[in-house]
Each structure stands twice: as structure tokens, then as C-alpha cells.
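The values are calculated or read from the model by the stated rules, or taken from the named source; none is laboratory data. Here the structure is a predicted model, which is why all the values come from computation and not from measurement. A quick note on method: Cβ atoms are made from the backbone with ideal geometry, for glycine too, and the neighbour counts reach across all protein chains shown. These area figures cover heavy atoms from the full protein model, side chains too; ligands, DNA and RNA do not enter into them. Shrake-Rupley method; radii C 1.70, N 1.55, O 1.52, S 1.80 Å.
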Number of protein chains: 4
Amino acid sequence: MKKINVTIWNEFRHEKENPAVREIYPDGIHTALKNGLAADDLEIRCAWLDQPGNGLPPEILENTDVLIWWGHRAHHEVDDETVKNVHDRILAGMGLIVLHSGHFAKIFQRCTGTSCTLKWREAGERTILWNLAPDHPITRGIGDYFELAHEEMYGEKFDIPEDGKVIFASWFEGGNVFRSGVTFERGRGRIFYFQPGHETYRNYYDRNVLLVIGNAIRWAAPELIQAPQAPGYPPLHEINQL
Amino acid sequence: MKKINVTIWNEFRHEKENPAVREIYPDGIHTALKNGLAADDLEIRCAWLDQPGNGLPPEILENTDVLIWWGHRAHHEVDDETVKNVHDRILAGMGLIVLHSGHFAKIFQRCTGTSCTLKWREAGERTILWNLAPDHPITRGIGDYFELAHEEMYGEKFDIPEDGKVIFASWFEGGNVFRSGVTFERGRGRIFYFQPGHETYRNYYDRNVLLVIGNAIRWAAPELIQAPQAPGYPPLHEINQL
Amino acid sequence: MKKINVTIWNEFRHEKENPAVREIYPDGIHTALKNGLAADDLEIRCAWLDQPGNGLPPEILENTDVLIWWGHRAHHEVDDETVKNVHDRILAGMGLIVLHSGHFAKIFQRCTGTSCTLKWREAGERTILWNLAPDHPITRGIGDYFELAHEEMYGEKFDIPEDGKVIFASWFEGGNVFRSGVTFERGRGRIFYFQPGHETYRNYYDRNVLLVIGNAIRWAAPELIQAPQAPGYPPLHEINQL
Amino acid sequence: MKKINVTIWNEFRHEKENPAVREIYPDGIHTALKNGLAADDLEIRCAWLDQPGNGLPPEILENTDVLIWWGHRAHHEVDDETVKNVHDRILAGMGLIVLHSGHFAKIFQRCTGTSCTLKWREAGERTILWNLAPDHPITRGIGDYFELAHEEMYGEKFDIPEDGKVIFASWFEGGNVFRSGVTFERGRGRIFYFQPGHETYRNYYDRNVLLVIGNAIRWAAPELIQAPQAPGYPPLHEINQL
């Protein structure tokens, strides 16, 4: 069976600089995700900002079916060339899963064309994620909703385009709502934004959060969408023959 | 100035049967809305279920630019012929504003093609309506959000089609979220669904609720969308001349 | 392997009344489709208007995963009860494939909420169907486009809702364009409208037309979307526990 | 009356290098558009690539309500900083009208997040633009369709996001179809892409082409969408009070 090549990209700075984060994710958020997502049909590798080429040189990108992205404080340190290479790969069919504070990552803004601004508040609030797409592959195994005891609040208005299909909508204890799971298509690539995962909470160990991310990997994998006959553009003479 | 002809349709049963409702809306929900929406550019009349022709005979419909609909317990008593006449008028350009429990009205289901099911709980919960479309005419005068001290909870999953543009998304004290203000277009007609307005709360006296409904009337009025040149379909010979 | 239960519904009047149609479809359009779509994973039956219960009594509908619909002159003869039963079944997850003049079928209008009006001209025009969704399961095996030598012209403006996802867009020799393959979701059901198939042309023997309809059957089959955990709505006490 | 400040940006290279183009647009495409769009409610200025700051320094952008963009061969010569400044201004509410070969402009790709690839053929084909949004302000004064005797063919598949609302769909003599008028919203800004306007045809002197562009200017002007009460985001303490 051909495995899905997954690359988990992490900014990997909080874990080095903040003992509270390191205590939760001693080997980095990427490692917690890698362990939690491990499955026979997935070939998972990790990459991070401070590696050469931002950890995403062409040889890695070309062998990535689905890219998972976690960043927060150093979005501006990601090279524009890296952003362009990742974007080109998405348009060619690579899946992209953007987590939590990745809403402000250059690559996500590059795909949406918007500012991706939102409201936020760090108060460890209880949150409930409501399932608005019960038949969607991304919600397989999730019921009507699931809860997280503590998460950073992200609230509307979330500045994303109208074609974002809402998979989850969240309730936060403090009074806010948020489109917390949203899909997009860009070129031949599928994109999923998913809100949970602030660095100071343990939510990347949560069964439901991992289940959703795992479902999203299988949904976004180009194997599922690149039908063998998917056309390139015909030579002009073919057009002229019409 | 040509005024916008508004017809407020009310089931008008709770007010007669339930003293608690009558105390809040002694002359009916329709009268409270009529008084609250009164303005120089609006010509407002009321109609209700127990009038001949369900209160909506052709001569009324043909002189209605925007129809406001409140119903709850007697949806099934609305004649199918009335539903067809209202639907035809919407396709020709009449605006429709569906309030609260009107989500289950035959005419709303006829326009959406879906079941319009949702979750609900009657517990007088605090609700916050978040403004997801700050530049939309329907939210003129509304800031980031507004609150209602007590409202019936309506919660996701709300079974409506994907083309529903979300204007408001609500937070409810008890843990639910809801797309509480949604627009649709059907034929030449514009439709707005708006959640607030349970018969046992005073929310049709609320400044913000009335402001939103008033904005929606001006947005949905066909004067605004029926450009003089809006084409009928050309005779077939014209097509054949192509 | 569980087979997909397909019911092909045909108005089945032209074939009886018009020798020119009978020559092309001697056993009815439904039979040509049944033969052309035959495959190991499909269990195909046929039904038509003049059978008891319009050919779609509950016991048939309850055993139909995907319903294919061809009608033209007798849309008004389909009972409203039949329309309601089919619609309820679609909302519960049954797929619906509406062919050609079925754009005016009560069931399609019931699902769209619009008039489904369009321009038309019967002149045996050459048409080219352009593939706007090369990675969609419905276009599997189809390249950039395919052609039909003769088809009835259907032209814009096609009055359907904005959530119609355009899979094919057609060019007609006489100067018109049309959204000729469009998908919708209503409740848990998937719907595909496909333009080819006027009764006086041989297009239901065309390889590409059959390929598209066959792909649409597999795409619309509820097995593909009814994940075992797909939730019903929880009892209210569960909601109240939130 | 406050006028709408319109800036017409032109690459302005073909006119200098190609006598055939110069003969049609002796003072540049921008001048033909400026003259054709002149109206009492518009304050129109022009800018072009070879001016300092690509002709769009901050003092110009800050005083532009609607920017019209025509480019073709030198998209890569537009500075990334200019693209960023224009994009930021769009998100803040400036309208953008992208013409013809501007589909490949950096700023349009920045807004869509896609490749904007399409098929093309330069053969002076007759084209018919069908009006799919007869009630939209952009089609005011346009009937069911209008024709152009000669235009470069642009054909599907046009790689743009699903939220593109189709205003015009085009038929081309050679057998192609194209979404030739499409609107988008990004942040607070409105965007309109319009296909006509190859440099070797006289279509920027065409009454209907000018009418559509003029309508699009009034539709995209931020005065129309920036209601005075349009909210900024409340200070965090206000959020925390919820």
C-alpha cells in the first residue's frame, strides 16, 4: 500500500524558550503530533523553522502529500521563497492543514487572500466544537460535538473568504463563537484550518483533536483527488481543432 | 417617495391562548413589530393565519414588497396554495424575512429545499449575536455584537443549504452556537432568516432586533434590486438570430 | 460487496407516442440507461410514471440509494405525495440524479427552491461540455471536455441557487452557454443535475454521457457519505447537560 | 457630492512597442478608459508601470477608492512591495477591477490564492457575454447578453476559488466557454474580474464594455460599503467583560 507522506512543520520556538510549554511538549509540538497520528498508512516526518531552508527544501516538499503547519511568533521569519514553494506545491495538489495560530502564517494568508484577523483571549476557557458537517470525512468518528476543558479563545469576526466550508463552529466559555474548522480548495490542493492547539494546553494529546487531524490528512491527501486522467492543458492546436 | 409595502404575517395563536404571551404582546407580535418598525419610508400592514386566504390573498401579495413571517405551532394549517403563491411572488422579487420559529414554516422549507431542523432548548438563556458581516446593509448600526438577556436556544446543526450567507452567529449561555442571521437568494427574491423572537420574551421590543429587521426590509425590498432594464427572456427568434 | 441500489425513473410517454423517439429508444430511455450503466457494483431497477404510486411506492424508495430522474411533458402528473416522499428520502441521504428536461420536475424545484427556468432551442446543435472540476469524482475518466454532435440547446440564465457547484459548462453551436453539470447538497443527500439527453438524440448511448452518470451514481450513493457514527440529534437532556 | 476617486493603472508597454496597438490606443489603454468612463461622480487619474513606485506610491493609493488594473507582459516587473501596499488597501476597503490579461497580475493572484491559469487563443473570435446576474448592480443597463465582434479567447478551466460569483459567462466562436465576469470579496474590499480588452481589438471603445466597467466602479467603491458604524475591533478588556 502506498503510504501518505505527511510532513509536520513546527515553528519550534516556544518549546525551547518557555519551560511551561516544554513541560507539556518536551520534544516539541511536532513530536506530540507525530506520535499521536502514527498509523500504518502514514509516513510522517517532522521539520522546523531553524533547519536549513526553513526545513522545507524542494526535496522535502516534493515528497510531501500533506503538510501540517504550526507557527505563532516567527511567521515573519519564514522566507518568501519557502512560502512560494509551498504554495506552488499546494496548487499542484499537496494538502495543507493549518493549526491554531497558523491562521497568521504567510502561507495561509497567501492561500486565502485575506488578513485572517480574529479576536483572541488567553484565559484557558472551556470550549465546545460543534460538528456542522456530520457526513464530511473530516468529522468521521466525531459526534454532534466535542469539548476541550481549556483552550485559547479565538473569536469572530474571522477574516476569511466566503468559500470557506465550515466543518466545526466553536463556543467559548467567555461569550465568543468561532468558525474553528474550515476547508478551502486552491488549485488542485485541499486546505483545512483547525483552531485547537495553544502551546500552553495539552490539546494535541486529546483523542478528538487527533482524530480530526488524522481524518483531515486522509481527506487532503492528493491520492484521493488526483484521478489518473486529470487533464493537463491541451496543446493549442488541439484547442484550435474545436 | 415611493414607500416600501411591508406585510407582517403572524400565526397569532399564542397571544390568544397563552396569558403569559398576551401580557408581553397584548395586540399580537405583529402589532409590536409594526409599531417598532414604523418609519416614513415604510407602508406596513399586518395579516394572520385565521383571516380568509390565510391573510394573504393575491391582492395583498401583489402589493407586498417585503413579507415578514412569524409562525410556530400551526405551520401545517397554512394552505399549500398560499405557500405556492408566496413562493411565486418571492421568485418574482418580493423579499421574505423569516423570524425565529418560522424556520419550520412551509414557505421557508420551500425556499431552502432542506428540513431546517435544529437543536432547541427553552431556558431563557443569555445570548450574544456576533456580527460576521460588518459591511452588510443588514448590520448597519450594529457593532461587533449585541446581546439579549433571555432567548430560546436554537443550536447547530441547522439544516440549511451551503449558499446561506452568515450575517450573525450566536452564542448561547448553555453551550450552543447557531447561524442566527442568514441570507439567501431565490429567483429574483432576497430572503433573510433571523433567530430572535420567542413568544415568551420581550425581544421584539429590543432596539437592536428592530434595527436589524428594519435594515433587512430595506435590503430585501425589490426596488433595490429590480433595475429597470432587468431582462425578461427574449423571444425564441431572438435567440435563434444568434 | 453491498451493491448500490439504483432506480431509474422515466416519464416514459414520448417513447409510446412518438415513433421518432421509439426508434431511438425502443424500450424506453430507462432501458437504454439501465443497459449502458450495468456494472457489478450496481443493482439497477426501472420505474415509470404510469405505474401505481407513480412507480415509486415507499417499498421502492426505501430500497433506493440513488434515484435517476427523466421527465419532460408530464411533470404536473407526478403526485405531490410522491414528491414529498422522494424529497424526504433525499434529506435522509438518498442520491438524486436529474437528467435534461428534469430541470422542471417538481422534485428538482423542491430541492432548489427556485424556478429552474432556462433558455432552450431545439435545433440539433453541436455542444461541447467543458470540465470545470477535473479532480471531482463525477469527471473521473473525462478529460478537459467532451463533445456531442447533436443536442437540444439549454442556455443561461439557468435559475438555480448559488450553492450549485459547477462541474460542466457547455458551449452550444448557436451561441449559448449553460451550466450543464451542477451538484447540490440537501440534508444528507447529494444531487447532480446533468443536461444531455433530449429524447430525439442518441446521447444516452454516448460513452462519455454514460461515464459521467455512472460516476455520479457512485458519488451520490449514501454509502459513501453515511459514516457509521453520523449522529442523529441527541436527546434534549444530553443537550441540557452541556 | 463626494466623488469616487478612480485610478486606472496600465502596464503601458504594448502601446509604445507595437504600432498596431498604438494605432488603436494612441495615448494608451488607460486614456481610452479614462475618456470612456468620464462622469460627474468620478475623479479619474491614470498611472503606469514605468512611473516611480510603479505609479502607485502610498499618497496615490491612499486617495484611491477604486483601482482598475490592466497588465500583460510585465507582471513580474511590479514590485512585491507595490503588490503588498495595493493588497493592504483592498483589505481596508478599496475596490479592484482587474481587466483581461490582468488575470495573471501578482495582485489578482494575491487576492485569489490560486494560479488563475486559463486556456487562450488569439484568433479575433466573435464572443457573446451572457448575463447571469440580471439584478446585480454590475449588469445595470445590460440585457440578457451582449456581443463583441472580435476578442481574444479565454477559456475554462479558469483556476479561481469557489467564492467567485459569476456575473458574465462567455461563448467564443471557436468552441470555448469562460467565466468572464466574476466578483470576489477580500477583507472589506470588493473585486471584479472582467475578461474583455485584448490590446489589438477596439473593445475599450465598446459601449457595453464601458457600461459594465462603470457599473463595477460604483459597486466596488468603498463609500457604498463602509457604513459609518462599521466596527473596528473592540479593546480586549471589552471582550473580557463578556
The ³J(HN,Hα) series, computed from each phi in the range B:204-217 with the Karplus coefficients 6.51, -1.76 and 1.60 at θ = phi - 60°, rounded to the nearest Hz and given as x for glycine or proline, is 7, 9, 6, 4, 6, 4, 5, 5, 5, 5, x, 4, 5, 4
A student applying the Cα gyration tensor rule (rounded when a/c is under 1.5; otherwise prolate if a/b is larger than b/c, oblate if not) would label the protein assembly as shown rounded
Could you give the length gained on full extension between C:Lys84 and C:Ala38, defined as 0.36 nm per residue of separation minus the Cα-Cα distance, in nm? 13.7 nm
For label points placed 7 Å from Cα toward Cβ, what is the shortest-first list of nm distances from D:Arg22 to its copies? 7.0, 7.3, 8.9
What does the C-alpha gyration tensor say about the overall shape of the range B:93-187? Classify as rounded when a/c is under 1.5, otherwise prolate if a/b is larger than b/c, or oblate. oblate
Rounded to whole Å, give me the distance from the Cα center of the range D:140-167 to that of the range C:100-152. 19
Note down the net charge around A:Gly175, summing +1 for each Lys or Arg and -1 for each Asp or Glu among other residues with Cβ under 10 Å from its Cβ. -2
Quick one: label points 7 angstrom along Cα→Cβ at B:Glu122, distances to the other copies in nm, smallest first? 4.5, 5.6, 7.2
Other-chain or far-sequence residues with amide H under 5 Å of B:Arg186's (modelled H): B:Ile191
Gyration tensor (Cα only) of chain A to equivalent ellipsoid, semi-axes in Å sorted down, yields 29, 21, 18
For residues of D:156-165, the mean tally of beta carbons on other chains within 10 Å: 6
Between D:Arg207 and B:Glu62, what FRET efficiency comes out of the Förster formula 1/(1 + (r/R0)^6) with R0 = 30 Å and r the beta carbon distance, rounded to 0.05? 0.25
Using R₀ = 30 Å, calculate the FRET efficiency as 1/(1 + (r/R₀)^6) where r is the Cβ-Cβ separation of B:Ala123 and D:Glu162; round to 0.05. 0.20
Förster radius 51 Å - calculated FRET efficiency between A:Glu17 and D:Lys3 (Cβ-Cβ, nearest 0.05): 0.45
Using DSSP to define loop residues, name the GluC sites (Glu not before Pro) in the range A:59-118 whose beta-carbon has at most 15 other beta-carbon atoms within 10 Å. A:Glu62
Copies of C:Asp79 compared via label points 7 Å along Cα→Cβ give distances in nm, shortest first, of 2.3, 7.2, 7.5
Residue closest to axis [chain B; rotation mapping onto C; Cβ; Å]: B:Asp163, 2
Counting only protein heavy atoms and a 1.4 Å probe, tell me what percentage of the range A:20-76's accessible area is made up of carbon and sulfur. 47
Under 5 Å between amide H atoms, partner at least 5 residues away or on a different chain: which partners does C:Gly141 have, H built in plane at 1.01 Å? A:Gln229
